[in-house]
Amino acid sequence: MKDRAYQFPTPEHQCCACQGDLSPGGEFYSTICFLEEEFARRNYCVSCWAPEEGGETTSRVDRSGIFAYWRTRRPEEPDGEAVKIRFDPLVVLEFFRGLGGKAEAESKVEPETAGEEEAGAPPGPSESQRRDLRFVLSLLLIRKKILLLKGTFIRDKFEWLELQERRESDKTYEIANPELSETELEQVRDAIGELLQMQV
Ligand SMILES: [Zn+2]
């Protein structure tokens, strides 16, 4: 069940908006969105993603379920393996912020204790998925000193990390420690690396 949530289709060298080919050696945009109960990576050509570069006025991409995006390049060889990019703290931070929902810095979000499958709830990752991902992302960001650990406290039987962005110190977060095993930690970290196509 847990594994399934992180599965994603093999990236195709095709734009998800216009179905055009992403040419070898060419640049395109990769995104992470949440589709049908799992995270997925979707690729878009530059002219669909950023029409100002292509002479159009509106983007053909609906950015509402997108958690993070980055600009990347397809390898020259037609069948070349996608190359993992070096750790990019800004993409990781964007993914981390995206998982937190809106305006967390101003109104501290209490952990949801209600059922995760409530009727009428907007589709999105479950609370436990969010919690696992955000915790592991925060560890990566602490390691790179993008997030600073200000302290810890216990609430609702969880240990919580109090975090602050180094560059924008008004942005603070409280992240629950889901107490994952070493194996689970590695699974989540690998999933993040695969989703972001990044060395983490
Ligand atoms: Zn396109």
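The values are calculated or read from the model by the stated rules, or taken from the named source; none is laboratory data. Just so you know, these numbers come straight off a predicted model, no measurement behind them. So basically every Cβ, Gly included, is an ideal-geometry build from the backbone, and we count neighbours across all protein chains shown.
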Considering the range 12-33, residues that are more than 8 Å from the ligand (Cβ to nearest atom) and among the polar types (S, T, N, Q), and then whichever is surrounded by the most Cβ atoms within 10 Å (Cβ to Cβ), we arrive at Ser30
The lone condition Glu179 fails out of (1) surrounded by 13 or more Cβ atoms within 10 Å (Cβ to Cβ); (2) more than 19 Å from Arg97 (Cβ to Cβ) is (1)
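If you check Glu36 against the conditions, is it loosely packed, with under 13 Cβ neighbours inside 10 Å, modelled with pLDDT under 85 and within 13 Å of the ligand (Cβ to nearest atom)?
Details: loosely packed, with under 13 Cβ neighbours inside 10 Å: yes; modelled with pLDDT under 85: yes; within 13 Å of the ligand (Cβ to nearest atom): no.
No: the conditions fail for Glu36.
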Screening Glu76, Glu56 for residues that are at pLDDT below 90, within 14 Å of the ligand (Cβ to nearest atom) and surrounded by 10 or more Cβ atoms within 10 Å (Cβ to Cβ) leaves only Glu56
